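To start, the structure under review is shown below, and the notes come after it.
The values are calculated or read from the model by the stated rules, or taken from the named source; none is laboratory data. Since the structure is predicted, the reported quantities are computational estimates derived from the model, not experimental observations. Counting neighbours? That spans all protein chains shown, and the Cβs are built from the backbone with ideal geometry, glycine included. Heavy atoms of the whole protein, side chains included, go into the accessibility calculation; ligands, DNA and RNA do not. Shrake-Rupley method; radii C 1.70, N 1.55, O 1.52, S 1.80 Å.
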Amino acid sequence: MMDVLYFAWVRERIGLPREQIETSAATVHDLVAELSARDARYALAFSDLSALRVALDQELSEFDAPLDGVREVAFFPPMTGG
Amino acid sequence: MQVRVQTEEFDLGQVCADFSARVTGAGAVVTFTGIVREAEAGDMLAMEIEQYPGMTQKALEKIAQDAIERWSLADALVIHRHGRLAPGAQIMMVATAARHRKDAFEAAEYLMDFLKSRAPFWKKEILKDGRADWVAAKDSDEDALTRW
C-alpha cells in the first residue's frame, strides 16, 4: 500500500487530500498514467506535468524516479513559501 | 539551529533579542521578516497558507543546516506560519548570526531564496468577494536559486 497525497490546487482538482492505493507502478510517470486513466479529475490535475512537483517519502524528486520501496508520494504545484 | 512551523503570531522583537542573546562568537546578526502583502486592488481578505506536515520541518532544517555550513554561521533561525493570515500579518522570519556581516547577509538571502521555492508551502489569496486564487510561483524565484 502506498499513501498518495495532494496539495493546493492538485488537492482541489482531485477532490481529496490523500488516499491509499495498491499499485505496481514502477516509476512516478507510471503512477501518474495509472491515476489519470481512473477518472477525468485525475487526468485534468495531471494534464501538465511541468506545472507539478513530486515528493517521494517527503523528499523532492523527479517524475522518472523509481517507486521501489517508496511509501509516500505527494503531488503539488511549485511551492510558494517565504 | 531553530526551525519553527506554527500557526501562531510571533513576537519579532522578542525572537530577535533571544536569538542575539544566546549566540556566541558572532559579530553580526541579520534578520528578515515577511509580511502578508495587500493585493494591489486592495480586495484581499486574507492569505491562506497550506503546508505539507512532516516534510515542512525537515525541508526547513535542511535549508538552515546548509546555510550554517556554507557560511560557518554561529546560528540560524527560521519561523514560518501557516493557516489563515490577515494582510499586514507577519508570515515568516529568518535570522542569521555570523562573525562578519557579509556572511550573515548572504546566508539570510540564501535562506529566503530556498524558502520561496523549496519549502512545501502554498499561498492562496482569499478575496473580499469570496473568490480565491492560488498564488503562482514566479520563474524569477526559481532562477534566484541558480546564483547559489
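Between residue A:20 and residue B:38, what FRET efficiency comes out of the Förster formula 1/(1 + (r/R0)^6) with R0 = 35 Å and r the beta carbon distance, rounded to 0.05?
Efficiency, from the Cβ-Cβ distance: 0.25.
Lys/Arg Cβ at +1, Asp/Glu Cβ at -1, dipole of the range B:19-69 taken about the Cα centre: which of B:54, B:41, B:23 is farthest positive-ward?
B:23
Taking 8 Å as the Cα distance limit and 6 or more residues as the minimum spacing, I'd like the relative contact order of chain B as a percentage.
The value is 33 percent.
Considering every residue in A:54-60, what mean count of other chain Cβ atoms within 10 Å of its Cβ is obtained?
3
Which of the aspartates and glutamates could a cross-linker span from residue B:102 if the Cα-Cα distance has to be under 19 Å and same-chain partners fewer than 8 positions apart are dropped?
Of all the aspartates and glutamates, those that pass the test against residue B:102 - Cα under 19 Å, at least 8 places apart if same chain - are B:66, B:69, B:75, B:113.
Given the peptides A:57-69, B:108-120, arrange them by the average over their residues of other C-beta atoms within 10 Å, most packed first.
Averaged packing, sorted descending, gives the order B:108-120, A:57-69.
When Cβ neighbours within 10 Å are restricted to other protein chains, what is their mean count per residue of peptide B:44-56?
Counting other chains' Cβ atoms within 10 Å and averaging over B:44-56 gives 3.
Shielding by partners for B:111-124, please: the mean number of other protein chain Cβ atoms within 10 Å of each residue's Cβ.
5
Considering only protein heavy atoms and a probe of 1.4 Å, how much of the accessible area of chain A is carbon and sulfur, as a whole percent?
48 percent
Around residue A:26, with a cut-off of 11 angstrom between Cβ atoms, what is the net charge of the other residues, counting Lys and Arg +1 and Asp and Glu -1?
Computed value for this residue: -4.
Of the peptides A:13-19, B:89-95, how do they stack up when ordered by the mean number of other Cβ atoms within 10 Å, highest first?
Top to bottom by mean Cβ count within 10 Å: B:89-95, A:13-19.
Okay, helix-only estimate at 222 nm for the protein assembly as shown: each DSSP H run of n ≥ 4 adds -39500 (n - 2.57), divide by all residues, round to 500 deg cm²/dmol; what do you get?
Result for the protein assembly as shown, helices only: -9500 deg cm²/dmol.
Please work out the C-alpha center-to-center distance from the range B:129-148 to the range B:100-116 and express it in whole Å.
Cα centres, the range B:129-148 to the range B:100-116: 19 Å.
Enumerate the aspartates and glutamates that residue B:123 could reach by cross-link, defined here as Cα to Cα under 14 Å, with residues fewer than 8 away along the same chain left out.
Cα-Cα hits under 14 Å: A:12, B:38, B:48, B:50, B:133.
Using alpha-carbon positions, what is the distance between the centroids of the range A:1-79 and the range B:25-61, in Å?
Centre-to-centre (Cα) distance: 26 Å.
Using a Cα-Cα cut-off of under 21 Å, which lysines could be cross-linked to residue B:116, ignoring same-chain neighbours fewer than 8 residues away?
The reachable lysines, counting only those whose Cα sits under 21 Å from residue B:116, are B:58, B:62, B:124, B:138.
Explain nothing, just the number: relative contact order of the range A:24-82, from Cα pairs under 8 Å at least 6 residues apart, as a whole percent.
With pairs under 8 Å counted, the relative contact order is 36 percent.
Need one number: nm distance between label points at residue A:41 and residue B:16, each 7 Å from Cα along Cα→Cβ, rounded to one decimal.
4.7 nm
Compare the peptides B:96-106, B:1-11 by average per-residue count of other Cβ atoms within 10 angstrom and give them in order, highest first.
The densest-packed peptide leads the list: B:96-106, B:1-11.
Enter the buried accessible area of the A/B pair, total of both sides, probe 1.4 Å, in Å² rounded to the nearest 100.
1800 Å²
For the range B:1-73, what is the accessible area per residue in Å², given a 1.4 Å probe and the full set of protein chains?
Value returned for the range B:1-73: 54 Å² of accessible area per residue.
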